[in-house]
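Colleague: Have a look at the structure that comes next, please.
The values are calculated or read from the model by the stated rules, or taken from the named source; none is laboratory data. The shown structure was predicted, so the numbers you read here are calculated from the model rather than taken from an experiment. In this analysis, Cβ positions are derived from the backbone assuming ideal geometry, glycine residues included, and neighbour counts consider all displayed protein chains. SASA here: full protein model, heavy atoms, side chains in, ligands and nucleic acids out. Shrake-Rupley method; radii C 1.70, N 1.55, O 1.52, S 1.80 Å.
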Amino acid sequence: SFVAGVIHPWRVSAFERLLWRACRGYLVATFVEMPEPMEDPATGESITWVIFLISYWGEQIGQKIHKISDCFHCHVYPYPESEASRADTMSGLQSQIQDLSVVLEETEQYLAQVLDKVVLALPTWWVQVQKMKAIYLVLNQCSFDVTEKCLIAEVWCPVRDLTQVQDALRQGSYKSGSSVECFVQRIPTTESPPTLIRTNKFTAGFQSIVDAYGVASYQEVNPAPYAIITFPFIFAIMFGDVGHGLIMFLFALWMVLYENSPSLQQASNEIWLTFFEGRYLILLMGAFSIYTGFIYNECFSKATVIFPSAWSVATMANHSSWSSAYLATHPLLTLDPNVTGVFQGPYPFGIDPIWSLATNHLNFLNSFKMKMSVVLGIVHMGFGVLLGVFNHLHFKQRHRLVLELLPEMIFLLALFGYLVFLIFYKWIKFSAADSLVAPSILIHFIDMFLFTSNAENLPLYPGQVPVQTVLVVLALASVPVLLLGTPLYLWCRRRAPRTGHPTAVGTGEQEPLLEGQEAGNSVNVTKEDVESGGHSPDAEHLDFAEIFMHQAIHTIEYCLGCVSNTASYLRLWALSLAHAQLSEVLWTMVMRNGFVRLSYAGGAVLVPVFAAFAVLTVAILLVMEGLSAFLHALRLHWVEFQNKFYVGAGYKLCPFAFAPDAWE
């Protein structure tokens, strides 16, 4: 008789040994590996099974073989005795295999057709499922009313969008066939409302710069509209070059013109997306850089002669003793503006191009740019202080106009505003004829704080010392007013007896809404609490010591900041000088050598020289210097400008939307 089956390859040796010992050799066993691996129905593992066929003699031997096969977890199959039965079994198995193959093939074709249809509908299903998840996520944040039949949602909503919300709820109730109509009712609250600043593709870049410092407090003055002009202008002061600004402008203009291109919008490079989102900011920075480049009269470090120079070398040569021997011994010649006809008046726009040929042009530009940086810095800080007027008036804190804003302006203008006055007064009063006796502004400014006068440094105008003494006294007198004014006012106002009751109203740009009002959820607060975002100066929880400490920190920070911030604006001078010198070095070391040191082969060699000049210009002057100027302009806006009036302690309004960021 025969026993046929399959066994795991790991058990073959032990199985064969045990069969031989148990049956004492009364069998013939044959083992063959399967040509292809098959899956184990119990574990799902793919195994190359071993087929065995055992021929034995006697019933007892057969029983032992079957028991041993069961112990080794062999899969035993019936083996017909006759040749005809085995042939019939083989043909039956072959036909069964063919039938199963046909069924599997048709099943795979059907599944492929179903999946092809699913692929077309899958994006729609995905959107529907995600929208349902987002909707239920919001519904889970709602609360039931007393009857547990209506949902109550407390949300923030802009006042100008209330009508749209009411219409949407009305349409939703009508389309859903609900018997209970949804309604909206305002409720007052003591929580600070979120801040919503509506932007478009042009203003979004500037608003993101401000939000990186801090989101505006509720109904606070937003610096972003003013930064649209001041930020590119301050950047351009440090990046002033017509050629570099034109390249930056054209690059940004290309992004603006093709902003709807999917390849630009869907790029995966994070650095590229940063540039693309700030394309309008880069556009204005390039345009302002072209403007300041014309003022500096620099185009790739070379001056442009748009108008004829106001200096005449021929007139100087005709009215001086420039003989051949004098010219041979003096490689440098000086143009004297006191000689009639040598200097014919100021250049129509910007710096005279003749300064690019002068050996002392660096000294001239240093003086000009340093004073320009101080003037622009003080104007910028003064504008920031004045913007605080809108905050004080809007939040009904008129006492801060007298007790904070006025001392701040007196301190700033009495010291540093007077410095600006001295700069312009010296420019106007002293000409080339008496420039050698012009006094030093820096020494006058130092003597102003020391309450002294220097006999060697002549006064700029009669009565200068008394005027400076009065200004310093005013500045010093404004410090205790700034320090003690607001705390004493609030302390006296708190001790005064109160009359009347607060009114439970809620007005403002953004209000909380309640869908289906429930009694007990309303909180009565004053109008000032709601408008100032819960930060009313008369809030009971504010302690006098806390108010005084806050005001002391503000006073110290402002007074010391006026000095340090004014010095900080000198970075405009330093970065502008560094950009001009790097541009000049790049031209001298690369392009000038390509023009001068190449003889007949210059035309062919000039191509790689220009390529190197272009690569270095883009890599160093546009990318590295542009990033440096951008960061310095960012610091001047955050620390020197916004610090004067901007608190930035709010949080953004995050409305419900089907955008992925809302529910992922």
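Colleague: Count the lysine pairs in region 358-469 whose Cα atoms lie under 30 Å apart, taking only pairs 8 or more positions apart in sequence or on different chains.
Modeller: The result is 4.
Colleague: How many nm is it between the label spots at residue 116 and residue 14, if each spot is 7 Å from the Cα in line with the beta carbon?
Modeller: 5.2 nm
Colleague: Among the trypsin sites (Lys or Arg not before Pro) within region 381-450, which fall in a DSSP loop and have no more than 15 other Cβ atoms within 10 Å of their own Cβ?
Modeller: For trypsin sites (Lys or Arg not before Pro) across region 381-450 that sit outside H, G, I, E and B with at most 15 neighbouring Cβ atoms in 10 Å, the list reads 396, 398.
Colleague: In degrees between 0 and 90, to the nearest 10, how far off the longest principal axis of the chain does helix 204-213 point, with axes built from Cα atoms?
Modeller: Its long axis makes an angle of about 90 degrees.
Colleague: Shifting gears a bit: Just add up the charged neighbours of residue 632: K/R +1, D/E -1, any other residue whose Cβ is under 13 Å from the Cβ of residue 632.
Modeller: Computed value for this residue: 0.
Colleague: Moving to a separate point now. What order do you get for 649-657, 458-466, 2-10 when each peptide is scored by the mean count of other beta carbon atoms within 10 Å, highest first?
Modeller: Ranked from most to least packed, the peptides come out as 2-10, 649-657, 458-466.
Colleague: Could you rank the peptides 285-295, 618-628 by their average count of other C-beta atoms within 10 Å per residue, with the highest value first?
Modeller: 285-295, 618-628
Colleague: For a quick protection proxy, order the peptides 490-496, 554-560, 381-387, 119-125 by their average other-Cβ count within 10 Å, most packed first.
Modeller: 381-387, 554-560, 490-496, 119-125
Colleague: Something else: Please compute the contact order of the chain in relative form: average sequence separation of alpha-carbon pairs under 8 Å and at least six residues apart, divided by the residue count, as a percent.
Modeller: Answer for the chain is 20 percent.
Colleague: For the chain, what is the mean residue ellipticity at 222 nm derived from helices alone (per DSSP H run of n ≥ 4: -39500 (n - 2.57); sum divided by total residues; nearest 500 deg cm²/dmol)?
Modeller: So the calculated ellipticity at 222 nm is -17500 deg cm²/dmol.
Colleague: Once you place label points 7 Å from the Cα toward the Cβ at residue 261 and residue 309, how far apart are they in nm?
Modeller: Once both label points are built, they end up 4.4 nm from each other.
Colleague: Run down the lysines and flag those whose C-alpha is under 21 Å from the C-alpha of residue 149, throwing out any fewer than 8 positions away in its chain.
Modeller: Here the lysines satisfying the reach criterion relative to residue 149 are 175.
Colleague: Report the charge-dipole magnitude of the chain in Debye, nearest 20, computed about the Cα centre from +1 at each Lys and Arg Cβ and -1 at each Asp and Glu Cβ.
Modeller: 2160 debye
Colleague: Please work out the ratio of the alpha-carbon Rg of the chain to 2.2 N^0.38 Å and round it to two decimals.
Modeller: 1.67
Colleague: Let me ask another. Along the charge dipole of region 74-229, Cβ charges K/R +1 and D/E -1, which of 129, 171, 144 sits furthest on the positive end?
Modeller: Highest projection toward the positive end goes to 171.
Colleague: Looking at region 234-286, which GluC sites (Glu not before Pro) are DSSP coil and have at most 16 other C-beta atoms within 10 Å of their C-beta?
Modeller: Those satisfying the criteria are 259.
Colleague: Then there is this: Could you do me a favour and compute the accessible area per residue for region 2-79, 1.4 Å probe, result in Å²?
Modeller: On a per-residue basis, region 2-79 sits at 68 Å².
Colleague: Summarise the accessible area of the chain (1.4 Å probe, protein heavy atoms) by the percent that is carbon and sulfur.
Modeller: 65 percent
Colleague: Any chance you could give the angle, 0 to 90 degrees and rounded to 10, that helix 625-635 forms with the longest Cα principal axis of the chain?
Modeller: 80 degrees
Colleague: Additional query: Identify, among 549, 357, 391, the residue whose Cα sits farthest towards the positive end of the charge dipole of the chain, taking +1 on the Cβ of Lys and Arg and -1 on the Cβ of Asp and Glu, with the dipole about the Cα centre.
Modeller: It is 357, whose Cα lies furthest towards the positive end.
Colleague: Which angle between 0 and 90 degrees, to the nearest 10, do you get for helix 464-495 versus the longest principal axis of the chain when only C-alpha atoms count?
Modeller: 50 degrees
Colleague: While we're looking at this one, here's another question. Kirkwood hydrodynamic radius, computed over distinct alpha-carbon pairs, for region 104-176: how many Å, to one decimal?
Modeller: 16.4 Å
Colleague: Select from region 382-459 those GluC sites (Glu not before Pro) which occupy a DSSP coil region and have at most 11 other Cβ atoms within 10 Å, ordered by residue number.
Modeller: Of the GluC sites (Glu not before Pro), the ones in loops of region 382-459 whose Cβ has at most 11 other Cβ atoms within 10 Å are 456.
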